[in-house]
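Let me begin by presenting the structure, written as C-alpha coordinates, before commenting on it.
The values are calculated or read from the model by the stated rules, or taken from the named source; none is laboratory data. Bear in mind that the values here come from a model prediction, so they are computed numbers and not experimental data. All Cβ positions, glycine included, derive from the backbone under ideal geometry; neighbour counts span all protein chains shown. Accessible surface is based on the protein model in full, side chains and every heavy atom, while ligands, DNA and RNA are left aside. Shrake-Rupley method; radii C 1.70, N 1.55, O 1.52, S 1.80 Å.
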Amino acid sequence: MAWFLGFDTSNYKTSVALYDSQNGQAIGQGRFLETPAGSLGLRQSEALFQHVRQLGQETEALFAQAGERRPVAAVGYSAKPRDEQDSYMPCFLAGQMAARTCAAALGVPAFAFSHQQGHIASALWSVGRLDWLKKPFLSWHLSGGTTELLLAEPSLETRCKVRRIGGATDLAAGQVVDRAGVRLGLAFPCGAQLDQLARQGKGAFPPFVPKSRGLEFSLSGLENKLEELLRQGAPPEEAAAFAIGSVVKSVERITERALEQYRLPMLFSGGVTASSQMQRAFAGRPEIVFAAKGYNGDNAVGAAVLAALEKGEED
(Lines give C-alpha, C1' and ligand atoms only; values in the text may rest on other atoms or scores of the structure.)
Protein backbone atom coordinates (compact mmCIF):
# COMPACT_ATOMS: atom_id res chain seq x y z
CA MET A 1 0.00 0.00 0.00
CA ALA A 2 1.16 3.53 -0.79
CA TRP A 3 0.49 7.01 0.49
CA PHE A 4 -0.61 10.02 -1.50
CA LEU A 5 0.98 13.17 -0.10
CA GLY A 6 -0.71 16.59 -0.15
CA PHE A 7 0.50 20.15 0.52
CA ASP A 8 -1.52 23.34 0.97
CA THR A 9 0.05 26.65 2.05
CA SER A 10 -2.76 29.20 2.14
CA ASN A 11 -2.69 32.69 3.57
CA TYR A 12 -3.98 31.25 6.86
CA LYS A 13 -2.48 27.83 7.44
CA THR A 14 0.42 25.50 6.65
CA SER A 15 -1.06 22.05 5.90
CA VAL A 16 0.22 18.62 4.88
CA ALA A 17 -1.69 15.35 4.61
CA LEU A 18 -1.39 11.68 3.72
CA TYR A 19 -4.17 9.75 2.02
CA ASP A 20 -4.57 5.97 1.66
CA SER A 21 -6.75 5.28 -1.38
CA GLN A 22 -7.12 1.61 -0.44
CA ASN A 23 -9.12 2.23 2.72
CA GLY A 24 -10.12 5.85 2.12
CA GLN A 25 -8.38 7.05 5.31
CA ALA A 26 -6.41 10.27 5.64
CA ILE A 27 -4.32 11.97 8.30
CA GLY A 28 -3.42 15.63 8.32
CA GLN A 29 -1.10 18.01 10.08
CA GLY A 30 -1.33 21.79 10.07
CA ARG A 31 -0.62 25.01 11.88
CA PHE A 32 -2.18 28.45 11.60
CA LEU A 33 0.13 31.28 10.67
CA GLU A 34 0.89 33.79 13.43
CA THR A 35 -0.80 37.17 13.08
CA PRO A 36 -0.14 40.25 15.25
CA ALA A 37 -2.86 41.13 17.76
CA GLY A 38 -5.54 43.33 16.23
CA SER A 39 -4.47 42.62 12.65
CA LEU A 40 -6.65 41.33 9.82
CA GLY A 41 -4.21 38.94 8.20
CA LEU A 42 -0.69 38.95 6.81
CA ARG A 43 1.17 40.36 3.86
CA GLN A 44 2.03 37.70 1.32
CA SER A 45 5.76 38.08 2.00
CA GLU A 46 5.24 37.36 5.70
CA ALA A 47 2.88 34.46 4.98
CA LEU A 48 5.41 32.91 2.60
CA PHE A 49 8.20 33.29 5.17
CA GLN A 50 6.16 31.60 7.89
CA HIS A 51 5.25 28.70 5.57
CA VAL A 52 8.92 28.14 4.70
CA ARG A 53 9.82 28.24 8.40
CA GLN A 54 7.22 25.70 9.56
CA LEU A 55 6.49 23.48 6.54
CA GLY A 56 9.37 21.12 7.32
CA GLN A 57 8.25 20.79 10.94
CA GLU A 58 4.67 20.00 9.94
CA THR A 59 5.81 17.42 7.38
CA GLU A 60 8.06 15.69 9.90
CA ALA A 61 5.20 15.65 12.41
CA LEU A 62 2.87 14.17 9.79
CA PHE A 63 5.12 11.21 9.03
CA ALA A 64 5.76 10.69 12.73
CA GLN A 65 1.99 10.56 13.23
CA ALA A 66 1.62 8.08 10.38
CA GLY A 67 4.17 5.79 11.99
CA GLU A 68 4.18 3.10 9.32
CA ARG A 69 6.61 3.80 6.50
CA ARG A 70 5.17 3.30 3.03
CA PRO A 71 6.09 4.42 -0.48
CA VAL A 72 4.53 7.64 -1.75
CA ALA A 73 2.73 7.08 -5.07
CA ALA A 74 2.10 10.73 -6.01
CA VAL A 75 2.07 14.23 -4.57
CA GLY A 76 -0.69 16.81 -4.87
CA TYR A 77 -0.44 20.49 -4.01
CA SER A 78 -2.34 23.76 -4.14
CA ALA A 79 -0.67 25.96 -6.74
CA LYS A 80 -3.11 28.88 -6.83
CA PRO A 81 -6.30 30.15 -5.18
CA ARG A 82 -8.80 29.44 -7.97
CA ASP A 83 -9.17 27.22 -11.01
CA GLU A 84 -8.45 30.13 -13.36
CA GLN A 85 -5.47 30.89 -15.58
CA ASP A 86 -4.47 34.21 -13.99
CA SER A 87 -5.10 33.17 -10.36
CA TYR A 88 -1.97 33.63 -8.24
CA MET A 89 -0.81 34.13 -4.64
CA PRO A 90 2.87 33.91 -3.57
CA CYS A 91 2.11 31.96 -0.39
CA PHE A 92 1.32 28.85 -2.45
CA LEU A 93 4.92 28.77 -3.71
CA ALA A 94 6.03 27.20 -0.43
CA GLY A 95 3.79 24.16 -0.83
CA GLN A 96 4.56 23.93 -4.54
CA MET A 97 8.31 23.90 -3.87
CA ALA A 98 7.97 21.20 -1.21
CA ALA A 99 5.66 19.07 -3.35
CA ARG A 100 7.74 19.19 -6.52
CA THR A 101 10.95 18.58 -4.59
CA CYS A 102 9.46 15.51 -2.88
CA ALA A 103 8.05 14.20 -6.15
CA ALA A 104 11.32 14.64 -8.02
CA ALA A 105 13.33 12.94 -5.25
CA LEU A 106 10.90 10.01 -5.10
CA GLY A 107 10.44 9.70 -8.86
CA VAL A 108 6.65 10.06 -8.66
CA PRO A 109 4.24 12.49 -10.37
CA ALA A 110 3.26 15.84 -8.82
CA PHE A 111 -0.23 17.16 -9.55
CA ALA A 112 -1.14 20.84 -9.23
CA PHE A 113 -4.63 21.89 -8.15
CA SER A 114 -6.27 25.08 -6.98
CA HIS A 115 -6.86 25.75 -3.29
CA GLN A 116 -10.56 25.86 -4.16
CA GLN A 117 -10.49 22.39 -5.73
CA GLY A 118 -8.76 21.09 -2.61
CA HIS A 119 -11.48 22.52 -0.38
CA ILE A 120 -14.15 20.76 -2.41
CA ALA A 121 -12.34 17.42 -2.46
CA SER A 122 -11.58 17.40 1.27
CA ALA A 123 -15.17 18.34 2.08
CA LEU A 124 -16.55 15.54 -0.09
CA TRP A 125 -14.06 13.03 1.31
CA SER A 126 -14.96 14.01 4.87
CA VAL A 127 -18.59 12.96 4.37
CA GLY A 128 -17.93 9.97 2.11
CA ARG A 129 -19.23 11.60 -1.06
CA LEU A 130 -16.31 11.46 -3.49
CA ASP A 131 -18.79 9.96 -5.95
CA TRP A 132 -20.04 13.52 -6.49
CA LEU A 133 -16.85 14.19 -8.49
CA LYS A 134 -18.27 12.01 -11.27
CA LYS A 135 -21.17 14.37 -11.98
CA PRO A 136 -22.03 18.11 -11.89
CA PHE A 137 -22.89 19.74 -8.56
CA LEU A 138 -22.94 23.17 -6.96
CA SER A 139 -20.54 24.27 -4.27
CA TRP A 140 -20.18 27.28 -2.01
CA HIS A 141 -16.63 28.26 -1.09
CA LEU A 142 -17.06 30.57 1.91
CA SER A 143 -13.81 31.63 3.52
CA GLY A 144 -11.73 34.59 4.64
CA GLY A 145 -10.86 35.51 1.08
CA THR A 146 -13.62 33.92 -0.98
CA THR A 147 -17.38 33.97 -1.18
CA GLU A 148 -18.09 32.18 -4.44
CA LEU A 149 -20.84 29.94 -5.71
CA LEU A 150 -19.32 27.36 -8.05
CA LEU A 151 -20.45 24.87 -10.63
CA ALA A 152 -18.19 21.82 -10.30
CA GLU A 153 -18.05 19.05 -12.89
CA PRO A 154 -15.56 16.52 -14.25
CA SER A 155 -13.69 17.38 -17.46
CA LEU A 156 -11.05 15.88 -19.74
CA GLU A 157 -8.38 17.86 -17.86
CA THR A 158 -9.32 17.20 -14.24
CA ARG A 159 -11.71 15.35 -11.95
CA CYS A 160 -12.96 18.63 -10.49
CA LYS A 161 -13.31 21.54 -12.90
CA VAL A 162 -14.93 24.53 -11.20
CA ARG A 163 -16.51 27.67 -12.62
CA ARG A 164 -17.82 30.67 -10.69
CA ILE A 165 -21.54 31.28 -11.26
CA GLY A 166 -22.26 33.68 -8.39
CA GLY A 167 -21.24 35.02 -5.02
CA ALA A 168 -20.17 38.25 -3.34
CA THR A 169 -19.03 41.07 -5.58
CA ASP A 170 -16.97 42.92 -2.97
CA LEU A 171 -16.22 41.67 0.55
CA ALA A 172 -15.91 37.97 1.31
CA ALA A 173 -18.08 36.48 4.06
CA GLY A 174 -14.97 35.60 6.04
CA GLN A 175 -13.74 39.19 5.79
CA VAL A 176 -16.97 40.41 7.35
CA VAL A 177 -16.66 37.81 10.11
CA ASP A 178 -12.99 38.56 10.80
CA ARG A 179 -13.46 42.34 10.76
CA ALA A 180 -16.40 42.03 13.13
CA GLY A 181 -14.37 39.76 15.41
CA VAL A 182 -11.32 42.00 15.52
CA ARG A 183 -13.61 44.99 16.14
CA LEU A 184 -14.97 43.06 19.16
CA GLY A 185 -11.47 42.28 20.45
CA LEU A 186 -11.22 38.67 19.22
CA ALA A 187 -8.06 37.08 17.85
CA PHE A 188 -7.66 36.62 14.08
CA PRO A 189 -8.90 34.43 12.42
CA CYS A 190 -12.14 35.08 14.31
CA GLY A 191 -14.71 32.65 12.89
CA ALA A 192 -14.95 30.08 15.68
CA GLN A 193 -14.76 32.71 18.45
CA LEU A 194 -17.38 34.95 16.83
CA ASP A 195 -19.68 31.97 16.32
CA GLN A 196 -19.37 31.06 19.99
CA LEU A 197 -20.07 34.66 21.04
CA ALA A 198 -23.06 34.84 18.69
CA ARG A 199 -24.68 31.85 20.41
CA GLN A 200 -25.06 34.02 23.50
CA GLY A 201 -27.08 36.63 21.59
CA LYS A 202 -30.87 36.79 21.68
CA GLY A 203 -31.32 38.05 18.13
CA ALA A 204 -32.00 41.64 19.19
CA PHE A 205 -31.29 42.93 15.68
CA PRO A 206 -32.88 41.40 12.56
CA PRO A 207 -30.37 40.28 9.91
CA PHE A 208 -29.33 42.72 7.22
CA VAL A 209 -30.20 41.46 3.74
CA PRO A 210 -27.90 43.08 1.14
CA LYS A 211 -28.71 44.03 -2.41
CA SER A 212 -28.56 41.15 -4.87
CA ARG A 213 -29.00 40.51 -8.55
CA GLY A 214 -29.37 36.98 -9.81
CA LEU A 215 -26.75 34.93 -7.99
CA GLU A 216 -24.59 37.95 -7.14
CA PHE A 217 -24.76 40.05 -3.96
CA SER A 218 -22.83 42.71 -2.05
CA LEU A 219 -21.68 42.55 1.57
CA SER A 220 -20.17 46.04 1.96
CA GLY A 221 -23.49 47.42 3.26
CA LEU A 222 -23.49 44.78 5.99
CA GLU A 223 -20.14 45.95 7.30
CA ASN A 224 -21.38 49.54 7.40
CA LYS A 225 -24.55 48.50 9.25
CA LEU A 226 -22.54 46.52 11.80
CA GLU A 227 -20.29 49.49 12.46
CA GLU A 228 -23.37 51.64 13.01
CA LEU A 229 -24.76 49.17 15.57
CA LEU A 230 -21.47 49.10 17.45
CA ARG A 231 -21.35 52.91 17.58
CA GLN A 232 -24.84 52.83 19.07
CA GLY A 233 -23.63 50.52 21.85
CA ALA A 234 -24.88 47.13 20.71
CA PRO A 235 -23.75 44.37 23.14
CA PRO A 236 -20.89 42.23 21.74
CA GLU A 237 -22.97 39.04 21.65
CA GLU A 238 -25.79 40.80 19.77
CA ALA A 239 -23.35 42.35 17.30
CA ALA A 240 -21.81 38.94 16.71
CA ALA A 241 -25.22 37.34 16.19
CA PHE A 242 -26.16 40.12 13.78
CA ALA A 243 -22.97 39.75 11.73
CA ILE A 244 -23.16 35.99 11.34
CA GLY A 245 -26.93 35.94 10.97
CA SER A 246 -26.75 38.48 8.14
CA VAL A 247 -24.10 36.47 6.29
CA VAL A 248 -26.22 33.34 6.68
CA LYS A 249 -29.35 35.09 5.42
CA SER A 250 -27.49 36.42 2.38
CA VAL A 251 -26.12 32.98 1.50
CA GLU A 252 -29.52 31.40 2.13
CA ARG A 253 -31.24 33.70 -0.37
CA ILE A 254 -28.70 32.99 -3.15
CA THR A 255 -28.72 29.27 -2.36
CA GLU A 256 -32.46 29.01 -2.96
CA ARG A 257 -32.12 30.80 -6.28
CA ALA A 258 -29.26 28.56 -7.40
CA LEU A 259 -31.06 25.35 -6.45
CA GLU A 260 -34.11 26.49 -8.37
CA GLN A 261 -32.06 27.44 -11.43
CA TYR A 262 -29.68 24.46 -11.65
CA ARG A 263 -31.56 21.61 -9.95
CA LEU A 264 -28.29 20.14 -8.66
CA PRO A 265 -27.11 19.08 -5.18
CA MET A 266 -24.97 21.58 -3.28
CA LEU A 267 -21.80 21.29 -1.18
CA PHE A 268 -20.77 23.83 1.47
CA SER A 269 -17.01 24.19 1.96
CA GLY A 270 -14.69 26.79 3.45
CA GLY A 271 -14.11 27.93 7.02
CA VAL A 272 -17.24 30.10 7.26
CA THR A 273 -19.43 27.03 6.73
CA ALA A 274 -18.35 25.73 10.15
CA SER A 275 -20.72 28.33 11.65
CA SER A 276 -23.42 26.71 13.76
CA GLN A 277 -25.93 29.28 12.47
CA MET A 278 -25.05 28.43 8.88
CA GLN A 279 -25.47 24.71 9.39
CA ARG A 280 -28.68 25.15 11.35
CA ALA A 281 -30.20 27.23 8.53
CA PHE A 282 -29.86 24.32 6.08
CA ALA A 283 -30.47 21.39 8.43
CA GLY A 284 -32.67 18.61 7.12
CA ARG A 285 -32.02 19.41 3.46
CA PRO A 286 -30.90 16.17 1.72
CA GLU A 287 -29.75 18.06 -1.37
CA ILE A 288 -27.29 20.13 0.73
CA VAL A 289 -24.10 18.68 2.26
CA PHE A 290 -21.62 20.34 4.63
CA ALA A 291 -18.01 19.32 5.19
CA ALA A 292 -17.49 17.32 8.37
CA LYS A 293 -16.16 19.21 11.37
CA GLY A 294 -12.44 19.88 11.01
CA TYR A 295 -12.54 19.86 7.21
CA ASN A 296 -14.43 23.11 6.61
CA GLY A 297 -11.27 25.19 6.77
CA ASP A 298 -7.92 25.07 5.02
CA ASN A 299 -6.30 21.64 4.89
CA ALA A 300 -4.18 19.52 2.54
CA VAL A 301 -6.36 16.39 2.49
CA GLY A 302 -8.10 17.50 -0.70
CA ALA A 303 -4.82 17.83 -2.58
CA ALA A 304 -3.80 14.30 -1.52
CA VAL A 305 -7.19 12.85 -2.48
CA LEU A 306 -7.17 14.57 -5.87
CA ALA A 307 -3.63 13.30 -6.53
CA ALA A 308 -4.87 9.74 -5.96
CA LEU A 309 -7.81 10.26 -8.30
CA GLU A 310 -5.66 11.82 -11.02
CA LYS A 311 -3.32 8.84 -10.84
CA GLY A 312 -6.27 6.56 -11.36
CA GLU A 313 -6.68 5.33 -7.79
CA GLU A 314 -10.44 5.10 -7.21
CA ASP A 315 -11.72 5.42 -3.64
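Calculate, for region 2-101, the solvent-accessible area per residue in square angstrom, rolling a 1.4 angstrom probe over the heavy atoms of the protein chains.
Details: 4730 Å² over 100 residues.
On a per-residue basis, 47 Å².
The value given for the chain is a Kirkwood hydrodynamic radius of 19.8 Å, derived from the mean inverse Cα-Cα separation. Mean-square fluctuations from a GNM of the chain, with a 10 angstrom spring cutoff on Cα atoms, peak among ALA283, ALA79, ALA304 at ALA283.
Can you figure out the FRET efficiency of ALA105 with ALA37, using R₀ = 51 Å and their beta-carbon distance, to the nearest 0.05? Let's see the in-between values first.
Numbers: r = 40 Å, r/R0 = 0.78.
In this case the efficiency is close to 0.80.
Stretching ALA187 away from LYS293 to a fully extended chain increases their span by 36.1 nm, per 0.36 nm per residue minus the current alpha-carbon distance.
Counting only pairs 8 or more places apart or on different chains, how many lysine pairs in the chain have C-alpha atoms closer than 16 Å?
Values: LYS13/LYS80; LYS80/LYS161; LYS134/LYS161; LYS134/LYS311; LYS135/LYS161; LYS211/LYS225; LYS211/LYS249; LYS225/LYS249.
Qualifying lysine pairs in the chain: 8.
The GluC sites (Glu not before Pro) found in region 57-115 that occupy coil by DSSP, while having at most 12 further C-beta atoms within 10 Å, are GLU68.
Multiplying the residue separation of GLN277 and VAL209 by 0.36 nm and subtracting their alpha-carbon distance yields 22.9 nm. Reducing region 33-84 and region 123-146 to their Cα centroids gives an inter-centroid distance of 21 Å.
Using a 1.4 Å probe on the protein heavy atoms, what percent of the accessible area of the chain belongs to carbon and sulfur? Answer for the chain: carbon and sulfur cover 51 percent of the accessible area.
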